[in-house]
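First comes the structure, then the notes that go with it.
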Amino acid sequence: MEARRRLQAAGIEAPGREAALLVGLATGWSRTEQLAGDRRELTAAQSARLEDLVERRVRREPFAYLAGSREFFGRPFLVGPGVLVPRPETETLVEVALRRWPERRAALRILDLGVGSGCILLTLLAEYPEARGLGVDTSRAALDWTRRNAQALDVADRVRLVQGSWGEAISGQFDLILSNPPYIDADDLPGLDPELRFEPQDALSPGVDGLQSYRAMTPDFLRLLGPGGTVLLEIGQGQAPPLLAWFAEHGLVGRSHADLAGIARCLELRRASDADVPQLF
């Protein structure tokens, strides 16, 4: 198949699988229909659509942008240019939150700083039907994607969205504060997957120092975290030790949780002054 050959030449992993997926996007045919062997010819419109999709993928545009969605924690999230593609390792934050509050009727007050597509916040609102959430992002495009996903998941009446930088425009107190901030050192970006060139760079890296975002948010955590509350942060490989030390210096203690690859991916933090810290950690 020509599409497979071109994808393979572009360095795409599993080019045969991706070629079949692109054919499905272009035609609406399921994999079973494609394998049925009826040798249906593509219409001119389908051929043009497939050519466009293959060309975009050969340029290494993320497949999720072509498909228009990516599954996260068993739910489809709409994505496209201007927002990060949800990734499996980010599900670690959801898993930790679900263990922290096993009672699904908990009326949690949740704040997501850098909400992006809304995958973390909206998943938790779907899991906790009595919870309410606030999502903050500097990007209007990202907030538009969050809004669309909130409507698709039928949680729009329990979420409020604010355009701003971290928690600077936010008041009140929250049981759970979440963030998957930019944490990649700028010098490391060129060596990463070429698909990342298409995603918003300011959502991937805060600059030369990948820890910059966490330091900037620390005063917001201390101001906005309610009694007995929890902060959950996605982090990069090797960042747990310096960040745990940083937060301990600023009155927040915690531990890290590994993703399925065994990489410390999530920090769970509480106030050091909370009376229940010794039991929880």
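Quick one: which of Ser47, Ser69 is touching a strand residue (DSSP E or B) at 6+ places or on another chain (Cβ under 7 Å) and of a type outside the set (D, E, K, R)?
After applying the criteria, what remains is Ser69.
Look at Gly16 and say whether it is in a helix (DSSP H, G or I) and in contact with a Ser or Thr (Cβ under 8 Å, 6 or more places away or on another chain).
Numbers: in a helix (DSSP H, G or I): yes; in contact with a Ser or Thr (Cβ under 8 Å, 6 or more places away or on another chain): no.
No, not satisfied.
Any residue in the stretch 183-209 that is touching a residue at least 40 places away in the same chain (Cβ under 8 Å) sitting within a Cβ distance under 6 Å of a residue that is assigned to a loop (DSSP other than H, G, I, E, B) and loosely packed, with under 12 Cβ neighbours inside 10 Å? List the pairs, counting only those 6 or more apart or interchain.
none
Which numbered condition in (1) modelled with pLDDT of 95 or more; (2) exposed (fewer than 14 other Cβ atoms within 10 Å of the Cβ); (3) part of a loop (DSSP other than H, G, I, E, B) is the only one that Glu41 fails?
Exception for Glu41: condition (1).
Does the stretch 192-208 include one or more residues that are assigned to a loop (DSSP other than H, G, I, E, B), in contact with a helix residue (DSSP H, G or I) (Cβ under 7 Å, 6 or more places away or on another chain), at pLDDT below 95 and surrounded by fewer than 16 Cβ atoms within 10 Å (Cβ to Cβ)?
The answer is yes; a qualifying residue exists.
Report the residue count in the stretch 209-226 for those that are surrounded by fewer than 20 Cβ atoms within 10 Å (Cβ to Cβ) and at pLDDT below 95.
Residues flagged as surrounded by fewer than 20 Cβ atoms within 10 Å (Cβ to Cβ) and at pLDDT below 95 within the stretch 209-226 amount to 1.
The values are calculated or read from the model by the stated rules, or taken from the named source; none is laboratory data. On a predicted model such as this, the values are computed, not experimentally measured, just so you know. Please note: Cβ atoms are built from the backbone with ideal geometry, for glycine as well, and neighbour counts cover all protein chains shown.
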